[in-house]
Amino acid sequence: MKFILNYIRKETWSPYVAGILLGVVGILVVLVANSLLGASGGFENLAGMLGKWVAPEAFDNLYFNFIMPPGITFGVFLLIGTFFGGMVGAATSKTLQWGKKDAVNGDPQWKRIFGPQTWKRWVLAFIGAIFMEYAAGIAGGCTSGLVISGGMLLAPSAFIFMGGFFASGILTTLLIYRRRY
């Protein structure tokens with residue numbers, strides 16, 4: 001038991017152990033919750049709830065009535081669990097830096113390329129998240145849903161997406177950082 005507790009507290013885990021545990025979690029989610037892992041739907045459920053509250057007629061459509069109905073769904077719980085699970089993981093490995101100097105913008109590579117302004121990092125992260133969520137909506141799922149759940153099911157689309165995801169990541173890195181990395 002002490003070995004397990006010490007392993008949980010490590011800053012980095014073996015990718016093999018993490019992959020096996022992710023697979024076990026994925027199987028348990030299918031068995032217990034009758035759902036697949038995927039986080040983007042949770043955002044859309046919350047957006048639909050907010051939208052129906054603010055402008056009900058604008059959100060009374062096929063998408064929000066049948067495809068992605070507003071409400072507290074498994075995806076919303078997955079989002080909440082992902083956030084708090086990450087916080088607990090960082091706290092147990094003693095890498096949680098909430099409120100510490102340079103906790104948000106301490107990366108020297110980022111500062112060299114984009115400058116030391118924290119607001120710039122938040123704005124770019126927010127814009128990037130909007131693009132990712134929009135693309136997830138077009139694709140019918142997010143990276144976690146498509147790659148993890150689709151990969152567990154050996155869906156060909158998951159492996160095609162993985163290749164495209166990595167290729168676009170490499171191209172984006174080359175475009176943004178050019179030869180400065």
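Below is a table of values for the structure above.
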quantity: Leading residue by the ranking (surrounded by the most Cβ atoms within 10 Å (Cβ to Cβ)) among those in the stretch 34-55 that are touching a residue at least 40 places away in the same chain (Cβ under 8 Å) and farther than 17 Å from GLY150 by Cβ; calculated: GLU44
quantity: Failed criterion for ILE138 (all others in (1) farther than 26 Å from VAL25 by Cβ; (2) surrounded by 11 or more Cβ atoms within 10 Å (Cβ to Cβ) hold); calculated: (2)
quantity: Some residue of the stretch 91-101 being at pLDDT 85 or above, closer than 24 Å to LEU46 by Cβ and either in contact with a Cys (Cβ under 8 Å, 6 or more places away or on another chain) or of a type in the set (A, V, I, L, M) (or both); calculated: no
quantity: Enumeration of residues in the stretch 8-29 that are in a helix (DSSP H, G or I), open to solvent by 40 Å² or more (accessible area, probe 1.4 Å) and more than 30 Å from PRO70 (Cβ to Cβ); calculated: ILE8, PRO15, TYR16, VAL17, ALA18, GLY19, ILE20, LEU21, VAL24
quantity: Residues located in the stretch 145-167, provided they are surrounded by 12 or more Cβ atoms within 10 Å (Cβ to Cβ), free of Cβ contacts under 8 Å to residues at least 40 places away in the same chain and either touching a Phe, Trp or Tyr at 6+ places or on another chain (Cβ under 8 Å) or part of a helix (DSSP H, G or I) (or both); calculated: VAL147, GLY150, GLY151, SER157, ALA158, PHE159, ILE160, PHE161, MET162, PHE165
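The values are calculated or read from the model by the stated rules, or taken from the named source; none is laboratory data. Fair warning: this is a prediction, and the values are worked out from it, not measured in the lab. Every residue, glycine among them, receives a Cβ derived from its backbone with ideal geometry; neighbour counts consider all protein chains shown. In case anyone asks, the SASA skips ligands and DNA or RNA and just uses the protein heavy atoms, side chains included. Shrake-Rupley method; radii C 1.70, N 1.55, O 1.52, S 1.80 Å.
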